[in-house]
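The values are calculated or read from the model by the stated rules, or taken from the named source; none is laboratory data. Owing to the predicted nature of the structure, the values given are computational and were not obtained by experimental measurement. Areas reflect the complete protein model, heavy atoms only, side chains present, ligands, DNA and RNA absent. Shrake-Rupley method; radii C 1.70, N 1.55, O 1.52, S 1.80 Å.
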Amino acid sequence: MKKFILFDNDGVLVETEPLYFEASKKALKEFFDVKLHFDEYMNIMTEGNGVWVAAPNATNEEIIRARNQRDIYYQEYLKKEDIAIDNIHDILNELSKSYRMGIVTTSRRVDFEIIHNNRGITNFMDFVLCVEDYKRAKPYPDPYLKGLKLFNAQKDETVIVEDSQRGLISANSADIDCIIVHNEFTKTQDFSTAKQKIGSLKELIDILPTL
């Protein structure tokens, strides 16, 4: 029986992934005159690399400047675009009656705090792990293994909710069941090794008791 849920953040609890893509694409074009195509971006993200591999001749100094500008663009988007997912509070409130929950994200803490300022989602969570909180990011297992440790939970008591292949690989590497929630942005990725695939978070309410 599942007792613990580890949620990915971007694309699961908030709709932010297209904004990060747009910010990255804009910085690559501005600094390196590189046009980043969607399929290439998907491959880069799945492998856990930074988008700067699309500009192989860039120096470290140039990448630092481009990354800083990308982060500025991303935060500007976060502050002005609608990133809410429908009925998220109702869903989390219902889940909180039966499960303890945490967030495990590859977002930087500074971005996460902008995303969740006055949003109320973290009120349902025992903890939040950001990219600064573990040694190796997804697709390595480290983030989810640390979440498991914070819960003091067994793997078979825990389920991970993801929307990306990179996150699924991380969950599989940690040997924890992973449910993939549909996201239009990541729908072309390979989710064949997921425990289950669902169309929306609301389906978790009925599905989790059966796992």
Scoring the chain by relative contact order with C-alpha pairs under 8 Å, at least six apart, yields a percentage of 27 percent
Over 26 Å (Cα to Cα) among Lys25/Lys195; Lys80/Lys149; Lys26/Lys135; Lys26/Lys197; Lys146/Lys197; Lys26/Lys202 -> Lys25/Lys195; Lys80/Lys149; Lys26/Lys135; Lys26/Lys197; Lys26/Lys202
With a ≥ b ≥ c from the Cα gyration tensor eigenvalues, square-rooted, and the rule rounded for a/c under 1.5, otherwise prolate when a/b > b/c and oblate otherwise, the range 17-79 is oblate
Return the carbon/sulfur percentage of the accessible area of the range 108-211, one whole number, probe 1.4 Å, all protein chains in place. 45 percent
On the accessible surface of the range 1-83, probed at 1.4 Å with all protein chains in place, carbon and sulfur together account for a percent value of 47 percent
In square angstrom, what is the accessible area per residue of the chain with a 1.4 angstrom probe? 50 Å²
(1) 30, 18, 16; (2) 25, 23, 17; (3) 26, 20, 17, with the label sought being that of the calculated semi-axes √(5λ) of the Cα gyration tensor in Å: (1)
